[in-house]
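Q: Pasting in a structure now, in structure tokens, and then I'll have a few things to ask.
The values are calculated or read from the model by the stated rules, or taken from the named source; none is laboratory data. Please read these numbers as outputs of a predicted model, since none were measured by experiment. Don't worry about glycine lacking a Cβ; one is built from the backbone with ideal geometry, like all the others, and counts go over all protein chains shown. All accessible areas refer to the heavy atoms of the entire protein, side chains included, with ligands and DNA or RNA removed. Shrake-Rupley method; radii C 1.70, N 1.55, O 1.52, S 1.80 Å.
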Amino acid sequence: MSLLKVSNIEAGYGKVQVLWDITFEIGEEEIFVLLGSNGAGKTTTLRVISGLIHPYNGTITFNGKDLTKLQPHEIVEHGVIHVPEGRRIFPKMTVYENLRLGAYTKRAEKHFHDSLSIVYKLFPILKERRNQIAGTLSGGEQQMLAIARGLMGVPKILLLDEPSLGLAPKVADKIFGYIKEINQLGVTLLLVEQNVFRVLELADRGAVIENGRLVLSGSADELRDNPHIKKAYLGL
Amino acid sequence: MDLMIIINLLIAGIFLGALYALMSTGLTLIWGTVGILNFAHGAIITLGGYMVWVGLQYVGLNYVLSLVIVIMFSLFLGFILELFIFRPFRGKTGEFMNTIYCSLAFAESMAGIILIVFGPRYKKLPYISTGVIKVSNIIIMTTHELVLVILSISILISFWIFLKKHKYGLAMRAISQDRFAAQLMGINLNKVYLLTVGVGCLFAGVSGAFLGTVYFLSPHLGDMPLVFAFVIIVFGGLGSIQGTIAAAFILGLFQSTVGYLLGLGWSAAIFFLFMMLTILFRPSGLFGEAA
């Protein structure tokens, strides 16, 4: 049964159309990855799902409910949590304050203490640094905080936009490890990544966006074996 | 310099600083979180003074109970400002300038209405308390000034705790740091904007109620405080609350000292000198981020 259903989305910024007829489905507890080069429309797709941009056409259905016309804060209340590209933590607040804001919604507030212990168990470094100003954390720690802040929202699905961007390979590996662990907690994941090789090892299924159109979709294995992907993204 | 004079200047400076901090915090709060320069801030200050007058003269309340009217009325005005003057322009081209024009127009119409309702004659609000505080037979401050300083500082401290601990306080800070990310936390921007403009105006109203006991009430009571508040928030770093409060006390102390050494006429000039120097040498202000 599909948890998130993106149907025939056409969207863009003002009059500049970026997405044409984007359709895919994500099943419960799946890791789904959106692949594509810079400017293909991956981030825009995530923004449409989280309500930051309203599509011209098409629908977003989550858990059987139509989210298409809702405001971002209402979508968060449904358990669709978007961790944006570039981390976007609140730099002048402490780690703890960032986590508190992650649990801003009424739904997440109720589970605040449980979520906090889950997050601190997953990322002990954040517990250690809970009173540190977030802007002074290292890049990897900031990414952990961004993901942790997303988890505080008690996500049913977590949208992660380029979680390995700008991180050293070793740190990126660590982040991918965390993503696996989060999935094992029962959270569905929609991942946008440029690190195609790593992410196809992790994902269950995925799709490829090129120039705003969905050109391929299938299981991770199918994608990995696809000659076009091999040539264009894996350099094989 | 005599120790007594230094103590006197210090007290006068802290008194000014507390009032300045109170009257500029609302302005910097609205700028930081909502991204709007509220030119109606001065008019709300004026109305705050007149609302005490209404409470005392027409309702028959004492000063402290009149403050309740001030608080309710200025919150109400804040909501009106946000709903009818700021929100219609939100996200549209020309938002920044259009909200300035319209809040200025709102301010001028308020001044006109005050003139019609209360007349052109200056009024003076009474002191809350009429005693004096003496140290070895020298008056160092009136009890009225002491009450105002204590009230102002308590309000500022409560607000600081609100910003640090309360959900909506955190939301105000979050929006000022990253509006985009704040939305993704599930923060309803419009709801927090409404509260922020309300609280910003509440600060203006209460500081007007205090200023009205120190200066005369007139339809333009808030004009100079508005200009001063701009200087203070530029000096402190636009949008930074702690910068604004620090700047208010620094300028208060500086002003009282300059007033004593060079004469009172210089104290306003010093203010603008501060602003020019800030813009020249540290445009981001004391606590502001470098652009």
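Q: For chain B, what percent of Cα pairs sit more than 29 Å apart? Before the final figure, lay out the partial values.
A: Working: 14238 of 42195 pairs.
Of all Cα-Cα distances in chain B, 34 percent exceed 29 Å.
Q: Same structure, new question: For A:Asn63 and A:Glu222, FRET efficiency with R0 = 35 Å and r from the beta-carbon atoms, rounded to 0.05? Could you put the intermediate results ahead of the total?
A: Working: r = 27 Å, r/R0 = 0.76.
So the FRET efficiency works out to roughly 0.85.
Q: Using a Förster distance of 25 angstrom, determine the FRET efficiency expected from the C-beta separation of B:Leu104 and B:Leu273, and round it to 0.05.
A: Working: r = 25 Å, r/R0 = 1.02.
Once rounded, the FRET efficiency stands at 0.50.
Q: What does the convex hull of the alpha-carbon atoms of the range B:207-261 project to on average, in nm²? Can you show the working numbers first?
A: On the way: hull surface 17.0 nm².
Averaged projected area of the range B:207-261's Cα convex hull equals 4.3 nm².
Q: May I pose another question? Rounded to the nearest 5, what % of the DSSP beta bridges within the range A:41-189 are antiparallel ones?
A: Numbers: 3 of 9 bridges.
If we restrict to bridges inside the range A:41-189, about 35 percent are antiparallel.
Q: Only four residue types carry charge here, +1 at the Cβ of Lys and Arg and -1 at the Cβ of Asp and Glu. Report the dipole size of the range B:1-154 about the Cα centre in Debye, rounded to the nearest 20.
A: Numbers: 7 positive and 5 negative charges, 48 e Å.
Charge dipole, the range B:1-154, about its Cα centre: 220 debye, nearest 20.
Q: Just give the residues from the range A:76-96 buried by at least 50 square angstrom of accessible area in the all-chains context relative to the isolated chain, probe 1.4 Å, and say none if nothing qualifies.
A: A:Arg88, A:Phe90, A:Lys92, A:Met93
Q: Specify the inter-centroid distance of the range A:30-51 and the range A:101-163, based on alpha-carbon positions, in whole Å.
A: Computed from Cα coordinates, the inter-centre distance equals 22 Å.
Q: At 222 nm, what helix-only mean residue ellipticity would chain B give, in deg cm²/dmol to the nearest 500, using -39500 (n - 2.57) for each DSSP H run of four or more?
A: On the way: 11 runs with 207 residues, N = 291.
Value at 222 nm, helices only, nearest 500: -24500 deg cm²/dmol.
Q: So what's the gap between the Cα centers of the range B:4-69 and the range B:156-218, to the nearest angstrom?
A: Measuring centre to centre over Cα atoms gives 15 Å.
Q: Counting partner chain Cβ atoms within 10 Å of every residue's Cβ in A:63-74, what's the average? Mind showing how you got there, number by number?
A: Values: counts 0, 0, 0, 0, 0, 0, 0, 0, 4, 9, 11, 2.
Average per residue, whole number: 2.
Q: In the protein assembly as shown, if the dipole is taken from +1 on Lys/Arg beta carbons and -1 on Asp/Glu beta carbons about the Cα centre, which of B:Ile155, A:Leu4, B:Val59 is farthest to the positive end?
A: B:Val59
Q: Roll a 1.4 angstrom probe over the protein heavy atoms and tell me the percent of accessible area of the range B:42-171 that is carbon or sulfur.
A: Values: 4970 of 6930 Å².
Ligands and nucleic acids excluded, carbon and sulfur give 72 percent.
Q: Still on this structure, please answer the following. Using each residue's phi in the range A:195-200, evaluate 6.51 cos²θ - 1.76 cosθ + 1.60 at θ = phi - 60° and report the 3J(HN,Hα) Karplus result to the nearest Hz, with x for Gly and Pro.
A: With the stated coefficients, the range A:195-200 comes to 7, 4, 4, 4, 6, 6 Hz.
Q: Return one quarter of the surface area of the convex hull spanned by the alpha-carbon atoms of the protein assembly as shown, equal to its mean projected area, in nm². Please list the in-between numbers first.
A: Details: hull surface 116.2 nm².
Convex hull of Cα atoms, orientation-averaged projection: 29.1 nm².
Q: From the residues B:Leu221, B:Phe180, B:Leu146, which one has its Cα farthest along the dipole of the range B:137-232 in the positive direction, the dipole being from +1 and -1 charges on Cβ of Lys/Arg and Asp/Glu about the Cα centre?
A: It is B:Phe180, whose Cα lies furthest towards the positive end.
Q: Return one whole number: the accessible area per residue of the protein assembly as shown in Å², for a 1.4 Å probe. Please report the intermediate quantities before stating the final value.
A: Values: 23040 Å² over 527 residues.
I get 44 Å² per residue for this part.
Q: Roughly how much accessible area, to the nearest 100 Å², goes out of reach of solvent when A and B pair up, both sides summed, probe 1.4 Å?
A: Values: alone 11330 and 13920 Å², together 23040 Å².
The buried area between A and B, both sides summed, comes to about 2200 Å².
Q: Placing unit charges on C-beta atoms (Lys and Arg positive, Asp and Glu negative, everything else neutral), compute the dipole magnitude of chain A about its Cα centre in debye, rounded to 20.
A: About 680 debye.
Q: Say we join alpha carbon atoms closer than 10 Å with springs in a Gaussian network model of chain B; which of B:Gly208, B:Gly198, B:Gly186 then has the biggest fluctuation?
A: It is B:Gly186.
Q: Which whole-Hz couplings ³J(HN,Hα) result when phi for each residue of the range A:206-213 is put into the Karplus expression 6.51 cos²θ - 1.76 cosθ + 1.60, θ = phi - 60°, listed in order with x for Gly and Pro?
A: x, 8, 10, 10, 10, 6, x, 10
Q: Turning to a different aspect of this structure: Hull surface divided by four, with the convex hull built on the Cα atoms of the range B:1-98: how many nm²? Provide the component values of the computation, followed by the final result.
A: On the way: hull surface 36.4 nm².
Value for the range B:1-98: 9.1 nm².
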